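Working notes, structure below.
Just so it is clear, none of the values below were taken in a lab; they were calculated from the coordinates. Since the structure is predicted, the reported quantities are computational estimates derived from the model, not experimental observations. With ideal geometry, Cβ positions are generated from the backbone for all residues, glycine too; neighbour counts draw on all protein chains shown.
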Amino acid sequence: MKRFHTVQSIVILAILISLSSCRQKTSAVVAKEHISDKVYPILDTENSRWFFFSSASRPFGMVNLSPDTEIDGAWGSGYRYAVDTVKGFSHIHAWQISGLSVMPVTLDKSNENTIYTDFYSKFSHEKESVHPGYHYLELERYGIITELTSTKRVGFHKYSFPKDKKAGILFNLNTVLGPCDNIEGVLEKSGDKELSGKLIAVATHRRPKPLTIYFKIELNTPIESVARDPETGNYLLKLTPTEDSVLMKAGISYTSIENATKNIREELPNWDFNTVVEDSRNEWDGLLGRIKVEGGTEKEQRRFYTDLWHGLQGRRIISDVNGAYPDNTGETFRVGQIPLDEKGKPKFNHYNSDSFWGAQWTINTLWGLVYPEIKEDFVYSLLQYGKDGGLIPRGPSGGNYTYVMTGASSTPFIVSAIQQGIITDDLEDIYQALKKNHMLGGIMGKAGYEHKTDLGGGLKYYINKGYVPYPIPEGNFGGHQDGASLTMEYAYQDWTLAQLAKKLGHQDDYDSFVKRSKNYGNVFDSSKGWMRPKDVDGKWYDDFDPYQVEHGFIESNGAQSTWFVPHDLNGLAKIMGGNDMAVEKLNDQFKIAEELNFTAGTSHAQENHPEYGRIPINYGNQPSIQTAFIFNELGRPDLTQFWSRKVVAKAFSGLSPSTGYNGDEDQGLMGSLAVLMKIGLFQMNGGTEANPEYQIGSPIFDEITIKLNPKYYSDKNLTIQTMDNAPNNTQVKQVRFNDQPIENYRIRHSEIVKGGTLILEMSSRGMTNKD
C-alpha cells in the first residue's frame, strides 16, 4: 500500500508541475489536503462489475470515464486490475448501459491498415495513478501518457503523444462493451476541431429496448482527417502535429447531439484540465467530508472512505443539464422534460439505477441521514417514472423498466424518505402510486426481468393463499421465482406500505397490508425450524436442505433467508420457540459462518459453489446482511456488538484489488452497509416506521462526526464518541446522548437530526453479555 501511495503522489506531482502555465496554482493543489486521497479506488477490482470501477467520474455522473481491460459481459468487465491490457477508454459504465469507447494511438505505415482491429496496449500499475475523479496511465505500446477526468456529463481527456510519432484517436463505436453491444456508430466532422456522432446500445435481456447515445467531441488541436473502416465501422482521427498535449472533451446525451453540446457548454466551457481535476476532487471531498472519523488505523480510515465512496456511485444520471431525459417507458421513445424551478433549472436529476433490493439496510439509512438531498433526488426520479410509465420502477435502465430482482423494493426507499421528513409534498399521490405496485397488475407480481407478463412473481397466490408457491404453477416467466423468499419479501414491503397508509389515515388499507405482512409465517416449517418453500397445494418442498442455495430462496439459502422478517422479528422468534431459542439458533449460525469469513467465497460467482454456498450467514449478498443486528431486537445487544465487529474485521476490512466486498457490490449497497456498521448505526426495518429508529452498534473509530444538512435537519453536527475503544473492547457498556442515558441501544431519528453527542462507553464485557 505504501508503494502505491508513494507512486501515486510522485506521478501526480510530476503531472501538475509539468503544467508550466499553472505552476503557482499547481503548488497550492499539491499542498492542499484532500479527504478523497484516503480513497483506495482499486479496491476489489479483481472482482468488479461493469458499473464499478469508474475512476474519472463525478458522484452519480452521466459520464463514468475509465480504462477498460475487459469488455465482454456485465460481470467481470470494465477495469480489472489483474489484466494488463487497455482495450479502450469508455464513457458509460452504468446498469445495463455502455458506450463511446476511444483509444489514443500512434500511427505509421506498419499499422495504418490494421489499427481498427489491432489497437490494444499493455500498461503497468507502476506507472498508474488513480483517485476519485482522475486516472493516469501510460500506454506502453504507443508511449502515450493518458489522463482522464470529467464533469457530470462530459469526459475530459489529456493525451501526451511522443513528439516523433503521428497522433491519432480511434473511436471504437461498434463493439461489445460490458453488458451490451454498441452498433450503428456514426461520427461526423462538424468543424476543424469538432465532431458529433451517435451509436445504439443494443437491447439486453434486462433492458428490453435499445438506447441511442449521442455525443459531441471537441479538441484543442485541428483534425487532419477522419476515416471510417468499412469492415468494423469504426473511425480513426488523424491529428495535426502539435508540440502540446492534446485535450479532448466528450459530452454525452441520451436525447440529442444538441443537448450533448449544451452539456459541454454548461459544464466545461474552458480547457483547464488541472482545474477540472481539482474541481472533481473538491466535489468528492465535499461529500466524503460529511463524515469525519478519528482514531483507528490508517488502513481502517482508508477502507472507511473507500466504502463511503462506493455508497456514492454506481447509479447514474441520465438527464441533461436542461432537464431533458430519455423516456422509454411507453410504446414509442420520447424525450421527457424534468420540471424546472423559478430559475429555469431542473428540479431534480433523472437516474439509471440497479434495483433497490437490499437498500432498506444500506442506502436507505446512509443517504437518509447523511445525504438527504441525494435521497430526495432519487425519490423524485422514481416518481417521474411512475408518471411516465404507470409504475414506480425497482431498477430502471435507459429510461425504461428492467424489472430487475423482485418485489416492490422502491416502496421502503420512498416510505423511509417520507418518514425521515425528506419528502413532504403530494403524499397522497405517492401513496396511491406505491399501492398500485402492491396490487395485481403492479410491479410486485413480476419476477425478475419479466417484461411482458406479471405471473412469475406469484402475487395472486400471495394474496389468495398467503404465500407464493414454489414452483409457480404457470411455469417460468422470469428470474428469481423462489416462492419462500418472495413471500417474505412481499410481507416486509407490505408492512412498510402499511406505515404510510397509517400516516395518511387509510385505516382499512393499513389493516389489510398489516395482515398481509404476517404471511411470512405461512412459509415457516415449525417441524424443521426453518423457512421452507411449499407448492401450490400446500405441500412442503421435498428433500429440503436449509443450506442448499436457491431452491425456493433468492440468491441465498434457507438458513440465511429464514431471518428475513425485519418488520416482525419478535413474531418470528415466537414461532421459533421464543427469544432465547432464536438467539441460540442465530448465534450458532454466526459461529459456523465465521469459519468462512462470513461470506460465500470472495465473489458473486462463487455463491453457488458447493464449498461456499452452504454458509448459514452471507455478508457477500443482500438477503442476510441485517442478521448481526437481529440480536439487538431480541434482547441481546451484546451479541449484535460482538458479531458486527467480527463481520467488519473479516468481511469489510481488506484493502487490496483482490479483497473488498467478497460478493455482489450492487451499486454501493455493500459499501453503505460497511459504513453503517463501522459508525455503529443501523435501521432494521429500513427506517420506514413513524419517527424511524436507529439501532446502536459497535463503532470501530474513537470519534465520528456527521455534518448534518441544514436544509433538512439541524445545522449542528452529530458526533459519536467511543470511550476506551479497542479491538477487544467491542461491547458497549453504557450509552448517553446529550448527557441523557439511552436505553435499549436505540435512538430516534427526530433526536439525532437535531445534532448532539452520542457517547458510548466501551468494554470487553457488555451489560447483558451472557456468554
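Charges were assigned to the Cβ only: +1 to each Lys and Arg, -1 to each Asp and Glu. The resulting dipole of the chain about its Cα centre is roughly 760 debye. For segment 274-371, build the charge dipole from Cβ charges (+1 Lys, Arg; -1 Asp, Glu) around the Cα centre, then report which of Gln301, Phe348, Gly323 sits farthest towards its positive end. Final value for the positive-end residue is Gln301. Using C-alpha pairs below 8 Å separated by at least 6 residues, the relative contact order for segment 144-291 is 27 percent. Pull up the cross-link candidates among the lysines for Lys165, meaning alpha carbon to alpha carbon under 17 Å and not fewer than 8 places away within one chain. Leaving aside lysines fewer than 8 places away in the same chain, those within reach of Lys165 are Lys109, Lys238. By the Cα gyration tensor, segment 95-243 has an equivalent ellipsoid whose semi-axes, rounded to whole angstrom, run 25, 19, 16 from largest to smallest. For a straight C-alpha distance cut-off of 20 angstrom, the aspartates and glutamates reachable from Lys127 (same-chain residues fewer than eight places away being disregarded) are Asp37, Asp44, Glu46, Asp68, Glu70, Asp84, Glu138, Glu140, Glu147.
Here segment 570-644 is treated as a sphere whose radius is the Kirkwood value from Cα pairs; by Stokes-Einstein at 25 °C and 0.890 mPa s it diffuses with a coefficient of 191 µm²/s. Working from label points 7 Å from Cα in the Cα-to-Cβ sense, the Asn476 to Lys299 distance is 4.4 nm. The charge dipole of segment 2-288, taken about the Cα centre with unit charges on the Cβ atoms of Lys, Arg (+1) and Asp, Glu (-1), comes to about 380 debye, rounded to the nearest 20. As a ratio to 2.2 N^0.38 Å, the alpha-carbon radius of gyration computed for segment 2-288 takes the value 0.93. When the P(r) is computed for segment 642-771, the part past 20 Å accounts for 48% of the Cα-Cα pairs. Residue order for Phe524, Phe631, Phe682, fewest other beta carbons within 10 angstrom first, comes to Phe524, Phe682, Phe631. For segment 322-760, the alpha-carbon radius of gyration amounts to 0.95 times the rule-of-thumb value 2.2 N^0.38 Å expected for a compact globular protein.
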